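Novice: Handing you this structure, nothing more for now.
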Amino acid sequence: MAAAAGIGLKVNTFVAMPCWAAGQAVTTMAGHSMGAQDSMLAGKIARKGVLVIELGVLYLRICCSVNFIPYVAMYVLDSFATGVGAPVLAMVNSLLHSVVFRLGLSILLAVMLDFGFVGLCVAESVSPLIPCFIGLTFFLRGRWSIRMRQTVEPLGLG
């Protein structure tokens, strides 16, 4: 339980970082505007800062709610593949996730189909699904354990 709480705290802190960054930017720009005696600009900056946070919340709602489990599974299973001697599988799976699915779907949804920011969020959200399935298939097939037994048994270690 303590490990889960620690992980939760780290995720919460990580998620809050964009809000802190937006807040620091608003502090600087609002202070600059007030120094220039432009209170209207300071108010506009606050509204734009909140809009950034709203977009961040939208991103988190789409991406962190839908893709969290497949993303974690994909990452852990790729790490597992590397650990059991299949780093090429992990590399290819990572490239599939980041280049083919995330980038490809982002271009398709955000640009070509004109869904904009929401298209980017959806692309990010669904991009780990197939790589997760590939990693899960690798794990469940169990060939990684056969290869290990073939390596260890001739040495008298099995």
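Novice: If you build a Gaussian network model of the chain, linking Cα atoms that sit under 10 Å apart, which residue out of 145, 127, 106 swings the most?
Specialist: Fluctuation is largest for 145.
Novice: Quick one: compute the contact order of the chain, relative version, from alpha carbon pairs under 8 angstrom and 6+ residues apart, as a percent.
Specialist: Working: 117 pairs, mean separation 33.5, N = 158.
Across the chain, relative contact order equals 21 percent.
Novice: Tell me, 74, 1, 29, 40 in order of fewest to most beta-carbon neighbours within 10 Å? Can you show the working numbers first?
Specialist: Numbers: 74 26, 1 5, 29 17, 40 8.
Least to most surrounded, the residues fall as 1, 40, 29, 74.
Novice: How do 10, 44 line up, fewest other C-beta atoms within 10 Å first? Walk me through the numbers on the way to the answer.
Specialist: On the way: 10 10, 44 14.
With the fewest neighbours first, 10, 44 line up as 10, 44.
Novice: Exposure proxy check: 38, 114 ranked by fewest other beta carbons within 10 Å?
Specialist: Values: 38 13, 114 8.
Lowest count first: 114, 38.
Novice: Divide, for region 45-135, the radius of gyration over alpha carbons by 2.2 N^0.38 Å, where N is the residue count. Mind showing how you got there, number by number?
Specialist: Working: Rg = 15.3 Å, N = 91, 2.2 N^0.38 = 12.2 Å.
With N residues counted in region 45-135, Rg over 2.2 N^0.38 Å equals 1.25.
Novice: Can you give the net charge of the other residues whose Cβ lies under 15 Å from the Cβ of residue 135, counting K and R as +1 and D and E as -1? Write down the numbers at each step before the final one.
Specialist: Values: positive: 141, 143; negative: 78.
For residues surrounding residue 135, the net value is +1.
Novice: Here is a follow-up. Working from Cα positions, state the angle (0 to 90°, nearest 10) between the long axis of helix 143-152 and the longest principal axis of the chain.
Specialist: 50 degrees
Novice: Points 7 angstrom from Cα along the Cβ direction at residue 118 and residue 37: gap in nanometres?
Specialist: The two pseudo-label positions are separated by 4.5 nm.
Novice: In deg cm²/dmol and to the nearest 500, what is the mean residue ellipticity at 222 nm of the chain if only DSSP H runs of at least 4 residues count, each as -39500 (n - 2.57), divided by the residue total? Could you put the intermediate results ahead of the total?
Specialist: Numbers: 7 runs with 121 residues, N = 158.
Value at 222 nm, helices only: -26000 deg cm²/dmol.
Novice: Still on this structure, please answer the following. Efficiency by 1/(1 + (r/R0)^6): what FRET value for residue 9 and residue 100, r their Cβ-Cβ distance, R0 = 41 Å, to the nearest 0.05?
Specialist: Details: r = 34 Å, r/R0 = 0.82.
With a Förster radius of 41 Å, E is 0.75.
Novice: Kirkwood-based Rg over Rh for the chain (C-alpha set), two decimals?
Specialist: Across the chain, the Cα-based Rg/Rh ratio is 1.18.
Novice: Next question, about the same structure. Could you tell me how many degrees, from 0 to 90 and to the nearest 10, lie between the Cα long axis of helix 39-66 and the main elongation axis, the longest principal axis, of the Cα atoms of the chain?
Specialist: 20 degrees
Novice: Let me ask another. Can you give me the angle between helix 68-83 and the longest principal axis of the chain, using Cα atoms only, in degrees from 0 to 90, rounded to the nearest 10?
Specialist: 40 degrees
Novice: In whole angstrom, how far apart do the alpha carbon centroids of region 79-123 and region 2-24 sit?
Specialist: That distance is 24 Å.
Read the figures in this text as sums done on the coordinates, not as results from a lab. Nothing here was measured: the structure is a model prediction, and the numbers come from that model. Neighbour counts run over all protein chains shown; Cβ positions are idealised from the backbone, glycine included.
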